Amino acid sequence: MKATTLCSLLLLSSLLLPREATATVSCAIVAAKAAPCLSFVTGKVPGPPAACCAGLQQLARQAVTVADRRATCHCLENSVRRFAGVQDRLLSQIPTACHIRVSFPVSLNTNCDR
């Protein structure tokens, strides 16, 4: 469950950033930054922990190119698929709750290649 939530959060982070050239953000970094969000996206706590929002905000700042954002998104997407328990309705609340601007709906079904 933890990896699923982490992946979802990472996917969200990558989607929030503009897309451009080559990726410099590794899946290990994405997972580490998104890990604190697992308790929220699985419904174990009522809101995202501060560490969750801080990690996702850092990812958003680091993923400056299109390639960075896509890579981050794919890291999150692949992680989410490996675990059960991530709730789409909670995942979609992350941008607002963490004050991260996104131009698309955040979902378990987000397409990283768009």
List, please: which pairs have Cβ atoms under 6 Å, are six or more places apart or on different chains, and start with a residue in the stretch 89-114 that is under 18 Å from Thr72 (Cβ atoms) and end with one that is open to solvent by 50 Å² or more (accessible area, probe 1.4 Å) and among the charged types (D, E, K, R)? Ser107/Asp88; Leu108/Asp88; Cys112/Arg70
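Filter the stretch 96-114 down to the residues that are open to solvent by less than 30 Å² (accessible area, probe 1.4 Å), aliphatic (A, V, I, L, M) and touching a Pro at 6+ places or on another chain (Cβ under 8 Å) and list them by number.
Filtering the stretch 96-114 for residues open to solvent by less than 30 Å² (accessible area, probe 1.4 Å) gives 98, 100, 106-107, 110, 112.
Within this subset, residues satisfying the condition of being aliphatic (A, V, I, L, M) are 100, 106.
Answer for the stretch 96-114, where residues must be open to solvent by less than 30 Å² (accessible area, probe 1.4 Å), aliphatic (A, V, I, L, M) and touching a Pro at 6+ places or on another chain (Cβ under 8 Å): just Val106.
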Search the stretch 66-83 for residues being at pLDDT 85 or above and among the β-branched types (Val, Ile, Thr), and hand back the single one that is surrounded by the fewest Cβ atoms within 10 Å (Cβ to Cβ). Val66
Please go through (1) of a type outside the set (Gly, Ala, Ser); (2) buried (at least 20 other Cβ atoms within 10 Å of the Cβ); (3) without any contact (Cβ under 8 Å) to a residue 60 or more places away in the chain for Pro46 and return the number of the only condition it doesn't satisfy. (2)
Please go through (1) under 20 Å from Gly43 (Cβ atoms); (2) surrounded by fewer than 16 Cβ atoms within 10 Å (Cβ to Cβ); (3) at pLDDT 85 or above for Val86 and return the number of the only condition it doesn't satisfy. (2)
Would you mind stating whether Arg61 is surrounded by fewer than 22 Cβ atoms within 10 Å (Cβ to Cβ) and under 14 Å from Thr24 (Cβ atoms)? yes
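Gln93 - would you say it is closer than 18 Å to Asn111 by Cα, at pLDDT 90 or above and surrounded by fewer than 19 Cβ atoms within 10 Å (Cβ to Cβ)? Let's see the steps before the verdict.
Numbers: closer than 18 Å to Asn111 by Cα: yes; at pLDDT 90 or above: yes; surrounded by fewer than 19 Cβ atoms within 10 Å (Cβ to Cβ): yes.
Yes; evaluated as a whole, the condition is true for this residue.
The values are calculated or read from the model by the stated rules, or taken from the named source; none is laboratory data. Keep in mind that this is a model prediction, so the values were computed, not measured. A quick note on method: Cβ atoms are made from the backbone with ideal geometry, for glycine too, and the neighbour counts reach across all protein chains shown. Each accessible area value is taken on the protein alone, full model and side chains, heavy atoms only, with ligands, DNA and RNA left out. Shrake-Rupley method; radii C 1.70, N 1.55, O 1.52, S 1.80 Å.
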